[in-house]
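Peer 1: My questions all concern the structure below.
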Amino acid sequence: VDFLRSLFSRTLGLSPGEKVLDELTLDGVARYILSGTCKNIICMVGAGISTSAGIPDFRSPGTGLYANLQKYNLPYPEAIFQIDYFKKHPEPFFALARELYPGQFKPTVCHYFMRMLKDKGLLTRCYSQNIDTLERVAGLEGEDLIEAHGTFHTSHCVSFLCRKEYSMDWMKNQIFSEDIPKCDSCGSLVKPDIVFFGENLPARFFTTMKMDFPRCDLLIIMGTSLQVQPFASLVNSCPRLLINMEKTGQSEFGMGLFGFGGGMDFDSDKAYRDVAYLSTCDDGCMALAELLGWKAELEEMVKREHALIDSKDAKTKDKEANQSSRSTGAEAGKSDKTE
């Protein structure tokens, strides 16, 4: 614990800082962004930014992913993302993957707001807990992203002696053919490069945070309960904006584990940098965009990008239908010749 306390203190700038925001409101955050002194923004995002796309979050009672896994007969809900359970019983995970596979959903207003931050040269990095790849679909690239819990973008053989890499298209074909993906070199399971419980986070997560957080001017936290370590402990001494349905990250969260005396402070007399905007992530991003004078631009971006996705999907479906038609016709021709 002493080592971790020292590490996070050195690398993330956890000593108290000066008051930067003139007001602890969304308006205050907007004025700070427009002031010209806020040049390095980090976004930390969780499942809540994708719920409006139709992807369930994990922990919401009744509607969350963990509350709706009974059909898989798991010993406990989290087992579906436990590496040891997966190696013995991969079927539930791949059945779930068919339901939630990337490519079936469109990025949200929140995703495109982060794209806008990138386009305006303000986004240092997006640290995402999500595995749906919607940040990439919205236009963030590998260098813009730290996918802290991994991604479906690539897959690997689980055998330490093999570790052969497979593409997203290969994995998609395996999942939707309802086959359990097996390595064609050694016969072991192949798993998407998402981080299961019991696995280490990507090394790049730790090396990049050492560079990013000391120079962060504004931390925007969206759609996360801040319950999973070490993601929950990525905080620093700059202003922090939480856009979420409820306040989170307060006294008991992450940093208490490392002896930093609590987390975010929205309401006390000592509050000086934390702002909570309680709403859906999309509504919060649109409200901030309006204050920044970007609302029309953001609305146009969402409309344009969604239209492009719809057009691409329609072309893909037409291509698949034509291929199926040709295949059916070829088989009928063979049957006629046989007769």
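Peer 1: Karplus couplings for region 121-137 from phi (6.51 cos²θ - 1.76 cosθ + 1.60, θ = phi - 60°), rounded to Hz, Gly and Pro as x?
Peer 2: Working through the residues one at a time gives x, 9, 8, 6, 6, 10, 9, 10, 8, 8, 10, 8, 6, 5, 4, 5, 4 Hz.
Peer 1: List the residues whose amide H sits under 5 Å from the amide H of ARG163, counting only those 5 or more places along or on another chain, with H placed 1.01 Å from N in the peptide plane.
Peer 2: So ARG163 has HN proximity to CYS157.
Peer 1: Over region 97-239, with the other protein chains present, what is the accessible area per residue in square angstrom, probe 1.4 angstrom?
Peer 2: Details: 5620 Å² over 143 residues.
Using a 1.4 Å probe on heavy atoms only, each residue of region 97-239 averages 39 Å².
Peer 1: Moving on to the next point. Just to make sure I understand: if all protein chains stay in place, what is the order of MET171, MET286 by accessible area at 1.4 Å, largest first?
Peer 2: Numbers: MET171 0, MET286 40 Å².
From most accessible down to least: MET286, MET171.
Peer 1: Filter the cross-link list LYS210/LYS295; LYS118/LYS303; LYS39/LYS118; LYS118/LYS315; LYS88/LYS172 down to pairs whose alpha-carbon distance in this structure exceeds 23 Å. Walk me through the numbers before you get to the answer.
Peer 2: Working: LYS210/LYS295 33 Å; LYS118/LYS303 18 Å; LYS39/LYS118 11 Å; LYS118/LYS315 29 Å; LYS88/LYS172 21 Å.
Over 23 Å apart, Cα to Cα: LYS210/LYS295; LYS118/LYS315.
Peer 1: What is the sum of charges, Lys and Arg at +1 and Asp and Glu at -1, for the other residues whose Cβ falls under 12 Å from the Cβ of ILE41? Intermediate results must be reported in sequence, preceding the final value.
Peer 2: On the way: positive: LYS39, LYS118, LYS120, ARG125, ARG215, ARG240; negative: ASP144, ASP212, ASP217.
The answer is +3.
Peer 1: Mind checking which lysines have their Cα closer than 24 Å to the Cα of LYS247? Skip sequence neighbours fewer than 8 apart in that chain.
Peer 2: LYS19, LYS270
Peer 1: Right, another one. Could you pull the accessible area for CYS38 with a 1.4 Å probe, rounded to 10 Å²?
Peer 2: Ignoring ligands and nucleic acids, CYS38 comes out at about 0 Å².
Peer 1: Go through GLU99, GLU165 and list them by solvent-accessible area, largest first, probe radius 1.4 Å.
Peer 2: On the way: GLU99 85, GLU165 110 Å².
Ranked list, largest accessible area first: GLU165, GLU99.
Peer 1: Quote the Stokes-Einstein diffusion coefficient, in whole µm² s⁻¹, for region 141-186, based on the Kirkwood radius over alpha carbon pairs, a temperature of 10 °C and a viscosity of 1.306 mPa s. Provide the component values of the computation, followed by the final result.
Peer 2: Working: Rh = 11.9 Å.
Roughly 133 µm²/s, to the nearest whole number.
Peer 1: Using the beta-carbon distance between THR37 and ASN173 and R0 = 51 Å, what value does 1/(1 + (r/R0)^6) give for FRET efficiency, to the nearest 0.05?
Peer 2: 0.55
Peer 1: Now, a different point. Students sometimes get this wrong: rank TYR277, TYR166 by accessible area, probe 1.4 Å, all chains present, largest first. All intermediate terms of the calculation are to be shown ahead of the outcome.
Peer 2: On the way: TYR277 75, TYR166 15 Å².
So, going from the largest accessible area down, we get TYR277, TYR166.
The values are calculated or read from the model by the stated rules, or taken from the named source; none is laboratory data. Please read these numbers as outputs of a predicted model, since none were measured by experiment. A quick note on method: Cβ atoms are made from the backbone with ideal geometry, for glycine too, and the neighbour counts reach across all protein chains shown. In case anyone asks, the SASA skips ligands and DNA or RNA and just uses the protein heavy atoms, side chains included. Shrake-Rupley method; radii C 1.70, N 1.55, O 1.52, S 1.80 Å.
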